[in-house]
1. Quick one: what does P(r) look like for region A:1-134 with 10 Å bins over all Cα pairs, in whole %?
2. Taking the Cβ of each residue in A:161, A:51 as the centre, tally the other Cβ atoms inside 10 Å and list the residues starting with the fewest.
3. Which angle between 0 and 90 degrees, to the nearest 10, do you get for helix A:212-224 versus the longest principal axis of chain A when only C-alpha atoms count?
4. Taking chain A as a Gaussian network, Cα atoms linked when under 10 Å apart, which of A:195, A:85, A:113 shows the biggest mean-square fluctuation?
5. Using the count of nearby Cβ atoms within 10 Å as a rough guide to exposure, how do A:189, A:223 rank from fewest to most?
6. Provide the three semi-axes, in whole Å and in decreasing order, of the ellipsoid equivalent to region A:1-59 as defined by the square roots of 5 times the Cα gyration tensor eigenvalues.
7. For a test of the definition: using alpha carbon positions, the gyration tensor, and the 1.5 limit on a/c, classify region A:98-225 as rounded, prolate or oblate.
8. With chain A treated as a Gaussian network of Cα nodes joined by springs under 10 Å, which of A:114, A:151, A:204 yields the largest mean-square fluctuation?
DNA sequence: ACCTGATCATCT
DNA sequence: AGATGATCAGGT
């Protein structure tokens, strides 16, 4: 999908544009953009996110950059189940498996990605057909000091293990809010890891994901304010 | 090859 | 209903 809308010049403009999505169905938005709604998401897993990027004029699709480069905002859709709670974890970024010496939380990709996020809640219960799913109220978020501290602890624990060459010992149950899980086209894909001592080995590519308990807390904080 | 956008499929 | 490992499509 190519971008049609012009990129927002300010965060305020972005938030205003995103607000126009509130209450609309995916079919409505697709129609406005002249797009077809896929029959299902089995072969279109990123479709909702990509369509909203188009609607909002995101500029960095497929690039390792914030979606709205000029204003430093990352866009994330947040799929909600029939109870209004996050249905899936949220992918943050690929886990760097080598050249991690001296890398700190402060200059980590995770922190940069999550520094400023536009969350767009979208109905995702399987009981609602894709075209009829509605978009909720988008909101902009930055980690508060408690959230950032918690994420930093998770990140540090996981990256320490990777630096020690213990990637194979990491499982998805580690990390209070941030977990590491596979992120690959299939389970036979391999990418290179480098340990502290410079030794190499091959392993399945992994990604950082935010647990649903974390994104649920963002929704709850949003309702309070 | 590896990033982006994520959800699917299965098990508990 | 939630969690986890596996997977799909498109761009650079």
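1. Per 10 Å bin, starting at zero, the Cα-Cα P(r) for region A:1-134 comes out as 11, 40, 34, 12, 3 percent.
2. Working: A:161 16, A:51 20.
Least to most surrounded, the residues fall as A:161, A:51.
3. Roughly 50 degrees between the two axes.
4. Maximum among the listed residues: A:195.
5. Values: A:189 13, A:223 10.
So the residues, fewest neighbours to most, are A:223, A:189.
6. Details: eigenvalues 88, 30, 18 Å².
Semi-axes, largest first: 21, 12, 10 Å.
7. Details: a/c = 2.71, a/b = 1.57, b/c = 1.73.
Oblate shape, in that a/c is at least 1.5 and b/c is the bigger or equal ratio.
8. Most flexible of the set in this elastic network: A:204.
Read-outs: derived from the displayed coordinates by stated rules, not from any lab. Since the model is a prediction, treat every value here as computed from it, not as a measurement. Reconstructed Cβ throughout: ideal geometry from the backbone, glycine too, with neighbour counts over all protein chains shown.
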